[in-house]
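Asks: Got a structure for you, questions after.
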Amino acid sequence: MSFSATALTGNKPEQYAQLLEQARALLHDECDRIANAANLSSLVYHALPDLNWVGFYFFNGNELVVGPFQGLPACVRIPLDKGVCGAAARTRQTQRIEDVHAFPGHIACDSASNSELVVPLVDGAGNLLGVFDLDSPLRARFDADDQRGLEAIADAFVASLR
Ligand code: SME
């Protein structure tokens, strides 16, 4: 299969609708967790501006373990009581953090990161699968449109695993 990502156009919700379509095309008929996480990380990292890290942590029943990503090498294991990723996994609520330096327990993997969005990945049966994590060098990079758009992409990932 060859995949070509076309540039996103229009306002932010329109751009996210296009990105979701590209994500669905990329995940189509594939249910491998590593393959889909790897391709989604690449798609999102290259499609959206001002990101320095995009990737997945998977829950092993005890803690989060780094999965496929784009960006600098990252911390391998994150306990659920640590960091923004741990908070997303523990509370199962998206964490949209304007200034990570003000977040108690933030884990600085890449010193360039200033804001962060972490979406929990939960399957239809309510099991925690992991988190989808995006970091930006900009302060307050992520707004409510970004959150909605990236939650929809995270949902498409979970749905692809079947
Ligand atoms: N900053 C995250 C750790 C993961 S890295 O950003 C890739 C956190 O506090 O959970």
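The values are calculated or read from the model by the stated rules, or taken from the named source; none is laboratory data. Because the structure is predicted, anything quoted here is derived from the model rather than measured. In this analysis, Cβ positions are derived from the backbone assuming ideal geometry, glycine residues included, and neighbour counts consider all displayed protein chains. Heavy atoms of the whole protein, side chains included, go into the accessibility calculation; ligands, DNA and RNA do not. Shrake-Rupley method; radii C 1.70, N 1.55, O 1.52, S 1.80 Å.
Asks: Considering Cα pairs under 8 angstrom that are at least six residues apart, work out the relative contact order of region 28-162 and quote it in whole percent.
Replies: Answer for region 28-162 is 25 percent.
Asks: Accessible area per residue of the chain at 1.4 Å probe, in Å²?
Replies: Here the per-residue accessible area is 49 Å².
Asks: Hey, another quick one. Select from the chain the helices, each a whole stretch of DSSP H, whose alpha-carbon atoms run 18 Å or more along the helix axis and whose Kyte-Doolittle mean is at least 0.0; answer none if there are none.
Replies: Span-like helices in the chain: 33-47, 144-161.
Asks: Of the heavy-atom accessible surface of the chain (probe 1.4 angstrom), what whole percent is carbon and sulfur?
Replies: Accessible surface attributable to carbon and sulfur in the chain totals 50 percent.
Asks: Moving on. What FRET efficiency would be calculated for the residue pair Glu21, Asp81, taking the C-beta separation as r and a Förster radius of 45 Å, to the nearest 0.05?
Replies: Working: r = 37 Å, r/R0 = 0.83.
Between Glu21 and Asp81 the formula returns 0.75.
Asks: I would also like to ask the following. Using 0.36 nm per residue, how much length does the chain from Asp50 to Asp29 gain when fully extended, once their Cα-Cα distance is taken away? Write down the numbers at each step before the final one.
Replies: On the way: separation 21, 0.36 × 21 = 7.56 nm, distance 3.05 nm.
Going from the current span to full extension adds 4.5 nm.
Asks: Just the projected area, averaged over all directions, of the convex hull on the alpha carbon atoms of the chain: how many nm²?
Replies: 8.8 nm²
Asks: Using 1/(1 + (r/R0)^6) with R0 = 45 angstrom and r between the beta carbons of Thr9 and Asn62, what's the FRET efficiency to the nearest 0.05?
Replies: Between Thr9 and Asn62 the formula returns 0.55.
Asks: Next question. Rounded to the nearest 0.05, what FRET efficiency do Glu98 and Arg162 give with R0 = 45 Å and r taken as the Cβ-Cβ distance? Could you check?
Replies: 0.80
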